[in-house]
1. Identify the single condition in (1) at pLDDT 95 or above; (2) open to solvent by 50 Å² or more (accessible area, probe 1.4 Å); (3) farther than 24 Å from N231 by Cα that A252 does not satisfy, given that it satisfies every other one.
2. Only one of R52, R75 is in contact with a Leu (Cβ under 9 Å, 6 or more places away or on another chain), more than 26 Å from W219 (Cα to Cα) and in contact (Cβ under 8 Å) with a residue 24 or more places away in the chain. Can you tell me which?
3. Filter the stretch 173-194 for residues that are in a loop (DSSP other than H, G, I, E, B) and open to solvent by less than 60 Å² (accessible area, probe 1.4 Å) and give the result.
4. Every residue in the stretch 313-330 that is open to solvent by 60 Å² or more (accessible area, probe 1.4 Å) and part of a loop (DSSP other than H, G, I, E, B), please.
5. Here are the criteria: (1) in a strand (DSSP E or B); (2) on the phi > 0 side of the Ramachandran plot. Tell me which single one A197 does not satisfy.
6. Scan L240, L209, L254, L247 and give me the residue that is part of a helix (DSSP H, G or I), closer than 23 Å to M112 by Cα and among the aliphatic types (A, V, I, L, M).
7. Filtering the stretch 264-299 down to residues that are modelled with pLDDT of 95 or more and among the aromatic types (F, W, Y), which residue is farthest from the chain's Cα centre (by Cα)?
Amino acid sequence: MPVLNERSYLRRAVETVLAQDIAGPTELILALGPSTDGTSELAQQLAQDDGRIVLVDNPAADIPIGLNLAIRAGRYPTVIRVDAHSELDPAYARRALATLDRVRAANVGGVMRADGRTPFQRAVARAYNSPIGLGGGAYHGGTQEGEAESAYLGVMRRAVLDEVGLFDESIRRGEDWELNLRIRRAGYRVWFDPSLAVTYWPRESWTRLVRQFTATGRWRGELVRRFGRGNSLRFFAPPLLVLDVVLALVIAVLQLTGVLQGWASVGASVVYLPLIAYAVLIVAVGLGPGGGRGWRDKLWTIAVLPTMHLAWGCGFLLGLVGGAHDTVDTSRLGSRNTPLP
């Protein structure tokens, strides 16, 4: 578990890991970044209370570095990645291990079941859980078991990780997708099991959500630069939306200033059609059952969905054109430029 500034979530996350109903020895390795909110002190207290908790320092705070430090410190043949912003069902590990053996996979993952504590966070959770929100990836609500492109968090065979290499420490977002790409290219299975579910708590404010999705989108653009068509086509929808918005704004200015007139103006207006269709879709989702119960919930959902899409799409285009370089997710540390889990 990579950890940084998670005092509000860490204790519960750790409790759900330690409560796993599993036969045999286990350990929980926390890779501690330089937190400023008392998270490290809480982790030390938790480790004193339970000998199964092992602490390793992750001064760089990068996720893949922390994950690799934790994996190297581990003693057992199966690695279960967990997150400080998540909670596990008591049977999660047992079921995952059974699936791992049953289908002879190298990595098994389940559903990211987002939840929220505030109206805004619940709206973000609804967007996470909707195929419209994050593009229909299996772990965002899939119901069909089978081979997958990637796995949320992941229950992995240590021997396979040693064979293909651990997480790529040059990738700060999307490191799990890239690792699973190497696993699949080595001839092993990555498997999705919808009976596995992990509760995930998304970002709690609009600015943090924008920063998170911009950074994630930029790293996806970087991964497209590196791996091309190894990336799913669904990743290209948000940047196409952004490009259409920009083009529509340009056309609107040209029409309002009289540069485009007559049939040329009518023909150029076709750029508005995808945006109209998108707006209708977002409103339909927001006003439907997936938008929540009351008008407040529905309005939050209608606002959150395009925020996620446009932030991710803008980040993608920046990453595709210029690369990700040292881009990091600052969404859990205010404005500090520090890499975060």
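The values are calculated or read from the model by the stated rules, or taken from the named source; none is laboratory data. Remember, it's a predicted structure, so these values are computed and weren't measured experimentally. Neighbour counts are summed over all protein chains in view; Cβ atoms, including those assigned to glycine, are modelled from backbone coordinates with ideal geometry. Remember, those area values only see protein heavy atoms, side chains included, never the ligands or the DNA or RNA. Shrake-Rupley method; radii C 1.70, N 1.55, O 1.52, S 1.80 Å.
1. (2) is the only condition that A252 fails.
2. Just one listed residue meets the conditions, R52.
3. Result: R173, G174, A186.
4. H325, D326 - these are the residues of the stretch 313-330 that are open to solvent by 60 Å² or more (accessible area, probe 1.4 Å) and part of a loop (DSSP other than H, G, I, E, B).
5. So the condition that A197 fails would be (2).
6. From the options L240, L209, L254, L247, the qualifying one is L209.
7. Y272
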